[in-house]
1. So for each of 97-105, 171-179, 54-62 I average, over its residues, the number of other beta carbons within 10 Å; can you give me the resulting order with the highest mean first?
2. In nm, give the distance between the simple-model label positions of Ala37 and Leu165, each being 7 Å from the Cα along the Cα-to-Cβ direction.
3. Checking the a/c ratio against 1.5 first, then a/b against b/c, what shape does the Cα gyration tensor give for segment 138-198?
4. Compute, for Ile123, the solvent-accessible surface of its heavy atoms (probe 1.4 Å) with the complete set of protein chains present, and express it in square angstrom to the nearest 10.
5. Using θ = phi - 60° and the Karplus form 6.51 cos²θ - 1.76 cosθ + 1.60, what ³J(HN,Hα) does each residue of segment 35-43 get, whole Hz, x for Gly and Pro?
6. For segment 52-207, with all protein chains present and a 1.4 Å probe, just round the carbon and sulfur fraction of the accessible area to a whole percent.
7. Output ³J(HN,Hα) for segment 49-61: one whole-Hz value per residue in order, computed from phi by the Karplus curve 6.51 cos²θ - 1.76 cosθ + 1.60 with θ = phi - 60°, and x for Gly and Pro.
8. How compact and how long is segment 35-100, expressed as Rg and Dmax of its alpha-carbon atoms in Å?
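The values are calculated or read from the model by the stated rules, or taken from the named source; none is laboratory data. Keep in mind that this is a model prediction, so the values were computed, not measured. We place every Cβ from the backbone using ideal geometry, glycine too, and count neighbours over all the protein chains shown. Accessible surface areas use protein heavy atoms only, side chains included; no ligands, DNA or RNA. Shrake-Rupley method; radii C 1.70, N 1.55, O 1.52, S 1.80 Å.
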Amino acid sequence: LFMSFFILLSLMYPFFARFELKTIETREVVLLAVLAAIAAVSRVPFAGLPSVQPTSFVIIMTGLVFGAESGFIVGAIAALVSNIFLGQGPWTPWQMYAWGMMGMSAGLLRNQVWMATLWGKTIFGFIWGFVFGWFMNIWIIVSNISGFSWAFVIGVYVTSVSHDLAHALSNVFFILVFSSSWLRMMERFKRKYGLLDSELKIKNTHP
């Protein structure tokens with residue numbers, strides 16, 4: 001478990017370090033903090049419905065509008081903050097990485113033609129509902145490594161299908177219903193205030 005956490009934190013560190021080296025205005029930091037807070041808090045009311053929450057939707061929208069790095073930061077922070085309410089544990093770094101990669105992949109694919117369509121975004125959200133669950137299953141396997149067997153691995157993935165499907169379908173619902181209005185609103189803020197409008201430049205460390 002210690003090694004798995006070390007590896008995950010090592011994988012996330014370059015993203016946070018790179019973001020820290022960027023020239024970014026206070027209002028842009030505030031925007032990302034607000035989006036991360038919305039993504040985190042929106043998870044709490046749905047805690048009674050396993051895997052059904054708008055957190056993934058907010059993270060995907062962030063990546064689509066503000067890019068891969070912003071998507072990763074919002075996804076990782078949302079997992080950390082939401083677990084303050086729902087319970088921190090050794091699973092938190094796994095959630096941070098999974099949601100961070102969800103936001104990053106949305107940012108990396110945002111210029112693809114198919115991603116500009118509603119159905120493209122819907123399919124993306126549906127697929128990530130399963131990918132997120134499959135990644136979190138690795139945490140379950142690693143945390144029970146002493147009882148490892150292929151039957152156990154297959155059992156974990158089979159029993160997670162209902163939760164993964166619920167996550168995927170909730171992503172589809174939120175994207176179909178809210179994505180158009182969210183994208184218009186976020187794009188408007190981006191253009192009007194010049195928020196994260198271009199590639200952030202690395203800080204000039206020379207005098």
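1. Values: 97-105: 25.8, 171-179: 18.3, 54-62: 27.3.
Highest mean packing first, the order is 54-62, 97-105, 171-179.
2. About 3.8 nm, to one decimal.
3. Because a/c hits 1.5 or more and a/b fails to exceed b/c, segment 138-198 counts as oblate.
4. The accessible area comes out at roughly 100 Å².
5. Running phi through 6.51 cos²θ - 1.76 cosθ + 1.60 with θ = phi - 60° gives 5, 5, 5, 4, 4, 6, 5, 5, 6 Hz.
6. 70 percent
7. For segment 49-61, the Karplus-derived couplings read 10, x, 6, 9, 6, x, 4, 4, 4, 5, 5, 5, 4 Hz, x marking Gly and Pro.
8. My reading of the Cα-based Rg and Dmax gives 10.8, 32 Å.
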